[in-house]
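Trainee: Below: one structure in structure tokens.
The values are calculated or read from the model by the stated rules, or taken from the named source; none is laboratory data. Since we're looking at a predicted model, the values are computed, not measured. So basically every Cβ, Gly included, is an ideal-geometry build from the backbone, and we count neighbours across all protein chains shown.
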């Protein structure tokens, strides 16, 4: 499954399982109007990038968003829109997924009452957890998944140590560090991997 997944930048993930799925498209190059589905975790520029969404959007693209983005995606010309909120289960065009909260505990960049989300996607019987921008909050410490994509850059999200503590809690088959290209560095990804030596398999995709 991981061979069909590309981590492009920040939390921008592209999955090709016959259909093309993007999460938080950002700094997209090399792909054009190929998105069957777009999942957005929240409205910050490096997760909801209008410029990049328009690069991959086609007429039939289904976009999954939080409530605060509804008017924005209408203005981008989307007809197929699913609005989600935390702690719910959904199915769109055969893809089953659920939402979990994503927020900060000790900083104000991502407040709990914004109702921003992470996603748990069931794709080809693999459970993928895409955390979005979050700290290591209680609501995500019992997630069951095969592959976990977690932020490691700090400042706006968990740092690599906090992210590694979460992975030790949820024990996925594979962990992938994200969200270190705009703030943080490749060292955060490497430190995350080192923290999990002997605990979990880690793959650095960018």
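Trainee: Please enumerate the residues belonging to segment 107-129 that are outside any loop (DSSP other than H, G, I, E, B), more than 15 Å from residue 148 (Cα to Cα) and modelled with pLDDT of 95 or more.
Mentor: First pass over segment 107-129, keeping only residues outside any loop (DSSP other than H, G, I, E, B): 112-114, 117-123, 126-129.
Right, trim to more than 15 Å from residue 148 (Cα to Cα) and you get 112-114.
Within segment 107-129, 112, 114 meet the criteria.
Trainee: Is it the case that residue 71 is more than 24 Å from residue 9 (Cα to Cα) and part of a loop (DSSP other than H, G, I, E, B)? Write out each step before concluding.
Mentor: Details: more than 24 Å from residue 9 (Cα to Cα): yes; part of a loop (DSSP other than H, G, I, E, B): no.
No; evaluated as a whole, the condition is false for this residue.
Trainee: Looking at residue 12, is it within 24 Å of residue 185 (Cα to Cα) and either modelled with pLDDT of 95 or more or surrounded by fewer than 19 Cβ atoms within 10 Å (Cβ to Cβ) (or both)?
Mentor: Working: within 24 Å of residue 185 (Cα to Cα): yes; either modelled with pLDDT of 95 or more or surrounded by fewer than 19 Cβ atoms within 10 Å (Cβ to Cβ) (or both): yes.
Against the criterion (within 24 Å of residue 185 (Cα to Cα) and either modelled with pLDDT of 95 or more or surrounded by fewer than 19 Cβ atoms within 10 Å (Cβ to Cβ) (or both)), residue 12 qualifies.
Trainee: For residues that are within 16 Å of the chain's Cα centre (by Cα), surrounded by fewer than 20 Cβ atoms within 10 Å (Cβ to Cβ) and either more than 18 Å from residue 127 (Cβ to Cβ) or modelled with pLDDT under 95 (or both), tally how many sit in segment 160-180.
Mentor: Kept after step one, since they are within 16 Å of the chain's Cα centre (by Cα), are these residues of segment 160-180: 163, 166-167, 172, 174-180.
Okay, now just the ones that are also surrounded by fewer than 20 Cβ atoms within 10 Å (Cβ to Cβ), so 174.
Next, from what is left, pick out any that are either more than 18 Å from residue 127 (Cβ to Cβ) or modelled with pLDDT under 95 (or both): none.
The total comes to 0.
Trainee: Can I ask one more? Identify the residue in segment 142-156 that is modelled with pLDDT under 95 and in a loop (DSSP other than H, G, I, E, B) and, among all such residues, is surrounded by the most Cβ atoms within 10 Å (Cβ to Cβ).
Mentor: Ranking the candidates gives 156 first.
Trainee: Kindly check whether there is at least one residue in segment 44-59 that is surrounded by 19 or more Cβ atoms within 10 Å (Cβ to Cβ), assigned to a loop (DSSP other than H, G, I, E, B) and in contact with a helix residue (DSSP H, G or I) (Cβ under 7 Å, 6 or more places away or on another chain).
Mentor: Checked segment 44-59: at least one residue is surrounded by 19 or more Cβ atoms within 10 Å (Cβ to Cβ), assigned to a loop (DSSP other than H, G, I, E, B) and in contact with a helix residue (DSSP H, G or I) (Cβ under 7 Å, 6 or more places away or on another chain).
Trainee: Moving to a separate point now. Any residue in segment 76-89 that is touching a strand residue (DSSP E or B) at 6+ places or on another chain (Cβ under 9 Å), without any contact (Cβ under 8 Å) to a residue 12 or more places away in the chain, farther than 16 Å from residue 22 by Cα and assigned to a strand (DSSP E or B)?
Mentor: Among the residues of segment 76-89, at least one is touching a strand residue (DSSP E or B) at 6+ places or on another chain (Cβ under 9 Å), without any contact (Cβ under 8 Å) to a residue 12 or more places away in the chain, farther than 16 Å from residue 22 by Cα and assigned to a strand (DSSP E or B), which makes the answer yes.
Trainee: Something else: Considering only segment 181-203, state which residues are assigned to a loop (DSSP other than H, G, I, E, B), without any contact (Cβ under 8 Å) to a residue 40 or more places away in the chain and surrounded by 14 or more Cβ atoms within 10 Å (Cβ to Cβ).
Mentor: Step one: filter segment 181-203 for residues assigned to a loop (DSSP other than H, G, I, E, B), giving 181-185, 196-200, 203.
Cutting the leftovers down to without any contact (Cβ under 8 Å) to a residue 40 or more places away in the chain gives us 183-185, 196-200.
Correct list: 183, 184, 196, 200.
Trainee: Among 88, 80, 71, which is the only one that is out of contact with any helix residue (DSSP H, G or I) (no Cβ under 8 Å at 6 or more places or on another chain), farther than 18 Å from residue 120 by Cβ, at pLDDT 95 or above and exposed (fewer than 13 other Cβ atoms within 10 Å of the Cβ)? Walk me through how you get there before you give the answer.
Mentor: Values: 88 fails: farther than 18 Å from residue 120 by Cβ; 80 fails: exposed (fewer than 13 other Cβ atoms within 10 Å of the Cβ).
Residue meeting the stated conditions: 71.
Trainee: Identify all residues within segment 144-157 that are within 18 Å of residue 203 (Cβ to Cβ) and touching a helix residue (DSSP H, G or I) at 6+ places or on another chain (Cβ under 9 Å); write none if there are none. Steps first, please.
Mentor: So the first thing to find is which residues in segment 144-157 are within 18 Å of residue 203 (Cβ to Cβ), and the list is 145-153.
Within segment 144-157, 145, 147, 148, 150, 151, 152, 153 qualify.
Trainee: Looking for whichever is closer than 22 Å to residue 122 by Cα and under 15 Å from the mean Cα position of the chain (by Cα) here; the options are 62, 38. Which one fits? Step through it out loud before you land on a result.
Mentor: Numbers: 62 fails: under 15 Å from the mean Cα position of the chain (by Cα).
Residue meeting the stated conditions: 38.
Trainee: Within segment 1-18, work out how many residues are assigned to a loop (DSSP other than H, G, I, E, B), in contact (Cβ under 8 Å) with a residue 40 or more places away in the chain and under 18 Å from residue 61 (Cβ atoms). It would help to see each step written out before you state the result.
Mentor: If we filter segment 1-18 for residues that are assigned to a loop (DSSP other than H, G, I, E, B), which is where we start, we get 1, 10-11, 17-18.
Now restrict to residues that are in contact (Cβ under 8 Å) with a residue 40 or more places away in the chain: 1, 10-11, 17.
Now narrow it down to the ones that are under 18 Å from residue 61 (Cβ atoms): 17.
Final tally of qualifying residues: 1.
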